[in-house]
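So the structure is just underneath, and the comments pick up after that.
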Amino acid sequence: MAALVKFCRTVPVFRQIARVNRGLSYLATTTKKTVLSNTIPKHNLQVIRNVVGNAAVTESEPRYQESYKSTEKSELYWEKVSHDLDVLTNGYERVLKSQYDKVLAEAEKMEFKISKDKCLLLLRCTGDLMLELEPSARAELTDSLWAKFKQYGVELDHVFYNVLLTIYLQNGRKFSTAEILGEMQEKGLQPNRVTYQRFIAGYCQEGNIEAATQILDHMKNENIPISAGVFHSFITGHTRAKDPESAKNVLNIMREVGLEVSGAAYEALLCGLIELKDFDGVREVLKEAQGVSMSPNQVISLLILLTKNGYTDLNEELYEMLGRMGFMNQTAINQLNEILALGYDDVAHQIVYRTLNSVNPRQQHYISRDFLLFLAANNRPVDKVYEMVNDLKEDVRDVAKNAFILDNPDYACNILQKCADEGIPVPPHCYLPALVQYGNQNNKEKLIETMKKIKKSPSLDNTDLINILVTFFTPALTSLGENTESIEKISAEIGLSKEMGTAIGLHILATSGFADALQYFSDKALHPIQLSSVQDIFVNKLQAEHDWENALKFSKICRDQLGLQTFNFNRSIIRDLIHFCNVRSDWAKAEEFLDNNETQLRLLPNGFRTLALDNVPTSIVQRISKMVVADGLRDKSSPNSEDGEEMLRKMCDMALKSNDLDKALEYYNQLEDKYPEYAFYYLTALNMAALYIGNGRAQEAIDLLKNYASRHSSYLKQRGFDTTNNNLAYRCRFIKNEASRKCPESVDEILKTLTSCGFINENRLYDAHKYDMVDLDTQSDEGVFELLEEMITKYSNNFDIHHFIARFVKSEQPDQLQRVIDMAIPVFTEDAILSNLVVNFMIHGHPKKALKIFESSNRQLAPQVCDLFIFYDKLNVLEQFAELTKDSDKKQRDEILFGLIRGHAKVKSVKKALDVLVQYEEENTVPKDKTLRYLAKVCETAGIDVPFEVPAIVNTPENVNVRNETRADNRRKVTQIDLKFPELLELFKDGDVEKIMEAKAKLDAEQHENAAVFLPEVLKVIGKNDKAHKILTYLRNNQKVEDLLSILNNTSYPVSQSVKTTAKKVYIGTLQDMSENAKIEEVLDNNKDDIHDYLSVNILKKLKEDNPDLFSRVESIVLSNDPSKMNSLLAYYIVYDYDKAKELLQKQPESVAGIKKKSMASLARIEKKEEIFDRIVDITRQFNKTSLFYIYSHYIDVLVKAGELDAALNVIKKMEGDKLSPQDMHEGMLNRLEVAFKENNRLLPWQSNAGDTSSDSSDSDSDSDVKKPK
Amino acid sequence: MSSNRLRIMVSNLPWTVSSKQLRTYFSQFGRVRVATVPFDKKTGFPQPYGFVQFQNEIDHMAVLSQENHILENRKLIVKRSIEYNNRNSVSQDGDM
């Protein structure tokens, strides 16, 4: 302390500080952290929500902009810009002045009520991060920022001062230690280690060793740790004091005190020597420094300093050093800017040239990217730049891009010109940034010059030209204050008068509207354009202005003068008209417009088809339909007739939507009468049938379907057998659901009609229905599980899990319920299962349990739960549920109340639905717009006045497509698992193995971090079905052992047990394919307990052939395990070693239980020998008689499919011998069998009764205890 | 909707590539229906990505199956364009 006090006597202020400091210890100082307004309130996006009733659609935009300007928004904006700054400074170690200015302006707007971090970040930016400015200019920025901090009362702590000092040093700005200390003392701040270091560095830069030493001594006295940085400062200090020997000696002192002499120390010394022009000394020290690792930026610093001092003899050596390093850090790259700013182009070129060849591709990219930027930033001579960049094999045009980014269009254009001169193609669009920037600079002359350049470009075509003129040139000229006439004059000057005419017209359209554009176009000779150039502008303007009359006139001009097809315009007009009136529920405008213009509008059939005509009055639809013209390609029938087929179909669809059966029938009959050839109404036919069924008129539905099928059988077959036709499948399933609820007695017949008519192929729909009809309550627990397993394997999640859950909720068996859930979870979404549970618990009188599930799950179950209540017609339970969930969070509550409205609407009790609104009020929640719109629609259809204002539809992407009716369906499609690859979800669902593997290969190629969990995720999503098996088979065929292991070893996506088991078998199988015997042995030995998972008949067979020793070892392991785990071995014995099988069965009869009836049946297929089938039948008869029917029927089916009818007959005889009736077989199989026999002109072994399913089959002579799946 | 299946998204485009260059490049694989590179109207720069739609599945597959696409010394990233379009999936009168 004595030393410091002595020192301080020379500086008056110091005396005071020394006094203050006496009683304090720096090290014990705890700095009070300043807490500025870190917590910026989250912007409430709801503010933007449109609450005004009849507001026009366009109003939403200005409102949005208004809120954009509000404080809340600016805080968001602040977050964004400051974050950008953060990224820039951390990632690139540099910042642009413009970026800094932007953030600073924002900070000032907020009066610097920003976090301390951000203040410091701003301060740091004024240092050497800002490459583009001279140190002196940066120093000015620092000072002004510091003044602002003080002005706005930012609480400055010692960290601020440390950063300030650092910046001062970086910018080489001289500062007074005493002043700073004084300021700090005033604020009661204590200097810390860093502060002292900075002081030392400051004094050393001036060469003031004495002062620096004083501070050092003080630090020593106060036991403040001294880092290497202090020594480096002293090296500089000594050289600046022209005492190189002492400087060199510092290195020795460092070694003595045990500090490492690093590259930085040498850098300081070398720099000092260079400043002293002691180049021999430099050479010597450089040799000494060879053993020390210097970083690229240190070497480059030397290069810069050497060049500055005019000594280039060492450059070559230093280049080589750089080349040897094999890397560049960002600081070094940034130094290139300094070099270029100093004009040492060759040095920079050499550095880049040498390093590019030695670094990795990633760094290569960074170096060349930044080098090109710096070239542009420093306006290096064009010729020189061209030469250098070409030499580096980089794209010279990218320099121009950088110049544009730096807002320097002059330089960019010069570079582009040079490129063009040298024969490098410069596409016209490269000049577009120049148009924008000259426009912003109000530089008319250059703007025109650039346009001339663009015009000259050889690759410019007409569409491009018009687009450029409309989008860039005209707006730029207009912003310069040019009016139409002067623009025309300018364009004549360039030689573009005709093109410009069109462009100006479109520009007028975009800016001021149809009326003005029409006026402009009226007397002009126009230059032809493409439709795409106009379409966007046209539609945007139309949606903003709703000026249909003029839009129509405009479209006429487009047709007459520009030769464009204007069907799209017409459709847009009609669409906007309908939308406009629909929102306001006022069709007067539409009537009026149609009255005047009806005859001039023309639509293509497809355009008409895609119009959304919901809620549109019939009269208007009729009028619109008259506009449809014949396409020639699609519709050959009469074009303009009053009741064209498309229109009739559409009318019928609309009647169906409003459940008006009579009206629908009227249109339907008209359609069939007038257009016997027209077949594109199969969906309408299905919808008709659904409505019939909904009204309990099943027979009429069946007749209708049959009638359609007989008219258009070939067309229908082609549609029905198209597996991608989801609409059709969806409709058929819908019919099935309707039927099972409304007319359960005729479900069978309806389904038969659907399939036999060809509406849907396969028997999958039919099968699923059969199981739906099983009365689960009468089944044994095991029976239910078996059924569920079968359903999941066959249909994935295409069946109703509800019954299964209901079964065990009713019987109050929690364990079994858990099992159902475990089985269902791989294929159903968690939401689906949870909501099903909630609903079932509610229905079956366990409201507490339901509520617990509902509240404890952190998912938004409300919409699904409501959907289910509504679907099962449990409105009373839904009401009860709504009562119970009064306290749930707002979002869920809104959904529940909306659900109530929908429920009441479904049963047409509009009054009750309206009452729900009061409930909203009571609970102080605001109903959503869509809720109100829905309710309004409900009221309208019921003919009741809407007692509230209907909110308009705001054109935001989220709510444009909301359709209340289909929301639930869409939601069910989305899997709720937390996916690593959500974007591939669709791909997974398709289950196209090739595509999945393609995606996987891509991930591998990218070395994606999550590549390892990709396959497990896929399997998890697609669940347990044959798609999963396909993937596994693919992996086996391609010997992807790694991937199989990734499935087996993953923990993040619990793949379903059965898939995992299969994967294990496939894994062994693959190893066998690859003859990896050692590996197989290892795996089997390590998994003795669940060895049966790894075995299958084929694996065992191969094992016996390849490695009999291991086989017998495996045999003994399996035999010592639990009998239930002997299934694979037993199966193997049955097929290949029957004696052993018999022996095993005698000893361990339970072992047969391990084999499922399905696997048992498939055993017979392994080796197609009747003998084996006999064995299986024998065993089944003995041990598991209930499965006998299953085994028989499936085997028969296999034979029928293979066309071996003789063998099938044989089995049928055997079956009858077992007193089982083959006619009780699964209907699908039976059909197949009968068809096969008939086709081969064989006599059926029984009387056919197909089509006569109404007769009860219980009178068959079956006396077995087989449960037929009926 | 089927056309979306034939769409690819190309990213990492150099700024010197606009729709025309994109079309020219991908035409070597087959008939290109649409090729677009959006432009930023505020800056005049093209976006570094674009979309290409092919006339038929074979060409589309040919593009996707080729490992490297290099245009103006830049390795392009070519992906199947995935668009979630459920709007018409269950609509009554969807035209398949």
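Filter the stretch A:499-531 down to the residues that are surrounded by 15 or more Cβ atoms within 10 Å (Cβ to Cβ) and β-branched (Val, Ile, Thr), then identify the one that is nearest to A:LEU460 (Cα to Cα).
Once the filter is applied, the top-ranked residue is A:ILE529.
Within the bounds of the stretch A:382-393, is there any residue that is facing another protein chain (nearest Cβ under 9 Å) and out of contact with any helix residue (DSSP H, G or I) (no Cβ under 6 Å at 6 or more places or on another chain)?
At the first step, the residues of the stretch A:382-393 found to be facing another protein chain (nearest Cβ under 9 Å) are A:393.
Keeping just the survivors that are out of contact with any helix residue (DSSP H, G or I) (no Cβ under 6 Å at 6 or more places or on another chain) gives A:393.
Checked against the condition, which is being facing another protein chain (nearest Cβ under 9 Å) and out of contact with any helix residue (DSSP H, G or I) (no Cβ under 6 Å at 6 or more places or on another chain), the stretch A:382-393 yields at least one hit.
State yes or no: is A:LEU834 of a type outside the set (Val, Ile, Thr), surrounded by 18 or more Cβ atoms within 10 Å (Cβ to Cβ) and modelled with pLDDT of 85 or more? Spell out how you get there, then give the answer.
Numbers: of a type outside the set (Val, Ile, Thr): yes; surrounded by 18 or more Cβ atoms within 10 Å (Cβ to Cβ): yes; modelled with pLDDT of 85 or more: yes.
It is true that A:LEU834 is of a type outside the set (Val, Ile, Thr), surrounded by 18 or more Cβ atoms within 10 Å (Cβ to Cβ) and modelled with pLDDT of 85 or more.
Being open to solvent by 10 Å² or more (accessible area, probe 1.4 Å) and either closer than 15 Å to A:ILE405 by Cβ or at the interface with chain B (Cβ under 8 Å from one of its Cβ atoms) (or both) is the filter here; which residues of the stretch A:432-441 pass it? Let's see the steps before the verdict.
Step one: list which residues in the stretch A:432-441 are open to solvent by 10 Å² or more (accessible area, probe 1.4 Å), which gives A:436-437, A:440-441.
Within the stretch A:432-441, A:VAL436, A:GLN437, A:ASN440 meet the criteria.
Restricted to the stretch B:35-50, and to residues that are buried (at least 21 other Cβ atoms within 10 Å of the Cβ) and facing chain A (nearest Cβ under 9 Å), which residue is nearest to the chain's Cα centre (by Cα)?
Going residue by residue through the stretch B:35-50, those that are buried (at least 21 other Cβ atoms within 10 Å of the Cβ) are B:35, B:37, B:44, B:46, B:50.
Applying the additional criterion that residues be facing chain A (nearest Cβ under 9 Å) yields B:37, B:44, B:46.
Numbers: B:VAL37: 9, B:GLY44: 21, B:PRO46: 15 Å.
Ranking the qualifying residues of the stretch B:35-50, first place goes to B:VAL37.
For A:ASN1087, all conditions in the list (1) in contact with an Asp or Glu (Cβ under 8 Å, 6 or more places away or on another chain); (2) buried (at least 16 other Cβ atoms within 10 Å of the Cβ) hold save one; what is the number of the exception?
(2)
Residue pairs, Cβ under 9 Å, 6 or more apart or interchain, first in the stretch A:336-347 and in contact (Cβ under 8 Å) with a residue 24 or more places away in the chain, second outside any helix (DSSP H, G or I) and surrounded by fewer than 18 Cβ atoms within 10 Å (Cβ to Cβ). List them.
A:ASN337/A:GLU132; A:ALA341/A:GLU132; A:ALA341/A:GLU134; A:ASP345/A:PRO381; A:VAL347/A:THR312
Has the stretch A:587-607 got any residue that is within 14 Å of chain B (Cβ to nearest Cβ), without any contact (Cβ under 8 Å) to a residue 40 or more places away in the chain and within 37 Å of the chain's Cα centre (by Cα)? Talk me through it step by step, then tell me what you get.
Just the residues of the stretch A:587-607 that are within 14 Å of chain B (Cβ to nearest Cβ), to begin with: A:604-607.
Right, trim to without any contact (Cβ under 8 Å) to a residue 40 or more places away in the chain and you get A:604, A:606.
From the residues that got through so far, the ones that are within 37 Å of the chain's Cα centre (by Cα) too are A:604, A:606.
Yes.
With a cut-off of at least 3 residues that are under 25 Å from A:PHE371 (Cα atoms) and not small (Gly, Ala, Ser), name the helices (runs of 4 or more DSSP H) lying wholly within the stretch A:403-502. Explain how you work it out, then say what you get.
Values: elements: A:409-421, A:432-440, A:444-456, A:462-468, A:474-479, A:484-494.
Of the helices (runs of 4 or more DSSP H) lying wholly inside the stretch A:403-502, those with at least 3 residues that are under 25 Å from A:PHE371 (Cα atoms) and not small (Gly, Ala, Ser) span A:409-421, A:432-440.
Is one or more of the residues making up the stretch A:280-295 hydroxyl-bearing (Ser, Thr, Tyr) and over 30 Å from A:GLU394 (Cβ atoms)?
So in the stretch A:280-295, the residues hydroxyl-bearing (Ser, Thr, Tyr) come out as A:293, A:295.
Then keep just the ones that are over 30 Å from A:GLU394 (Cβ atoms); that gives none.
No: zero hits.
Can you work out which of the residues in the stretch A:837-861 that are outside any helix (DSSP H, G or I) and among the polar types (S, T, N, Q) is surrounded by the fewest Cβ atoms within 10 Å (Cβ to Cβ)?
Going through the stretch A:837-861, the residues outside any helix (DSSP H, G or I) turn out to be A:844-846, A:857-861.
Then keep just the ones that are among the polar types (S, T, N, Q); that gives A:857-858, A:860.
On the way: A:SER857: 15, A:ASN858: 6, A:GLN860: 15.
Taking the candidates together, the pick is A:ASN858.
Assess whether A:LYS1214 counts as being open to solvent by 10 Å² or more (accessible area, probe 1.4 Å), touching an Asp or Glu at 6+ places or on another chain (Cβ under 9 Å) and not in a helix (DSSP H, G or I). So that I can check it myself, show each step before the final result.
On the way: open to solvent by 10 Å² or more (accessible area, probe 1.4 Å): yes; touching an Asp or Glu at 6+ places or on another chain (Cβ under 9 Å): yes; not in a helix (DSSP H, G or I): no.
For A:LYS1214, the condition - open to solvent by 10 Å² or more (accessible area, probe 1.4 Å), touching an Asp or Glu at 6+ places or on another chain (Cβ under 9 Å) and not in a helix (DSSP H, G or I) - is not met.
Spot the failing condition for B:ARG7; the list is (1) within 13 Å of chain A (Cβ to nearest Cβ); (2) touching a Ser or Thr at 6+ places or on another chain (Cβ under 9 Å), and only one is missed.
(1) is the only condition that B:ARG7 fails.
Mind listing whichever residues of the stretch B:12-29 are more than 13 Å from chain A (Cβ to nearest Cβ) and of a type outside the set (Phe, Trp, Tyr)?
B:SER27, B:GLN28
For the stretch A:264-281: of the residues being in a helix (DSSP H, G or I), over 14 Å from A:THR236 (Cα atoms) and touching a residue at least 12 places away in the same chain (Cβ under 8 Å), which is most open to solvent (accessible area, probe 1.4 Å)?
The first filter runs over the stretch A:264-281 and keeps only residues in a helix (DSSP H, G or I), leaving A:264-275, A:279-281.
With the extra rule that they be over 14 Å from A:THR236 (Cα atoms), the set shrinks to A:279-281.
From the residues that got through so far, the ones that are touching a residue at least 12 places away in the same chain (Cβ under 8 Å) too are A:279, A:281.
Details: A:PHE279: 33, A:GLY281: 7 Å².
Among residues in the stretch A:264-281 that are in a helix (DSSP H, G or I), over 14 Å from A:THR236 (Cα atoms) and touching a residue at least 12 places away in the same chain (Cβ under 8 Å), the one most open to solvent (accessible area, probe 1.4 Å) is A:PHE279.
Among A:LYS418, A:LYS456, which is the only one that is more than 13 Å from every other protein chain (Cβ to nearest Cβ), surrounded by 18 or more Cβ atoms within 10 Å (Cβ to Cβ) and either closer than 26 Å to A:PRO381 by Cβ or of a type in the set (Ser, Thr, Tyr) (or both)?
Numbers: A:LYS456 fails: surrounded by 18 or more Cβ atoms within 10 Å (Cβ to Cβ).
None of the other options fit; the residue is A:LYS418.
So which residues in the stretch B:14-34 are open to solvent by less than 10 Å² (accessible area, probe 1.4 Å) and under 12 Å from the mean Cα position of the chain (by Cα), if there are any at all?
Of everything in the stretch B:14-34, those that are open to solvent by less than 10 Å² (accessible area, probe 1.4 Å) and under 12 Å from the mean Cα position of the chain (by Cα) turn out to be B:LEU22, B:PHE26.
Output the residue which, of all residues in the stretch B:51-82 that are part of a loop (DSSP other than H, G, I, E, B) and within 9 Å of another protein chain (Cβ to nearest Cβ), is modelled with the lowest pLDDT.
Filtering the stretch B:51-82 for residues part of a loop (DSSP other than H, G, I, E, B) gives B:55-56, B:66-69, B:72-73, B:76, B:81-82.
Of the ones still in play, those that are also within 9 Å of another protein chain (Cβ to nearest Cβ) are B:67, B:72-73, B:82.
Numbers: B:GLU67: 81, B:GLU72: 86, B:ASN73: 83, B:ILE82: 58.
Here the answer is B:ILE82.
For the stretch A:404-415, enumerate the residues that are within 12 Å of chain B (Cβ to nearest Cβ) and closer than 22 Å to A:GLU445 by Cβ.
Our first condition is that a residue be within 12 Å of chain B (Cβ to nearest Cβ); within the stretch A:404-415, this holds for A:404-405, A:407, A:409, A:412.
Within the stretch A:404-415, A:PHE404, A:ASP407, A:PRO409, A:ALA412 meet the criteria.
Determine whether A:PHE567 is open to solvent by 30 Å² or more (accessible area, probe 1.4 Å) and more than 21 Å from A:GLU485 (Cβ to Cβ).
Values: open to solvent by 30 Å² or more (accessible area, probe 1.4 Å): yes; more than 21 Å from A:GLU485 (Cβ to Cβ): yes.
So A:PHE567 passes the test.
The values are calculated or read from the model by the stated rules, or taken from the named source; none is laboratory data. These numbers were taken from a predicted model, which means no experiment stands behind them. Methodologically, a virtual Cβ is constructed for each residue, glycine included, from the backbone with ideal geometry; neighbour enumeration extends over all protein chains shown. Surface areas here come from the heavy atoms of the whole protein model, side chains and all, with no ligands, DNA or RNA. Shrake-Rupley method; radii C 1.70, N 1.55, O 1.52, S 1.80 Å.
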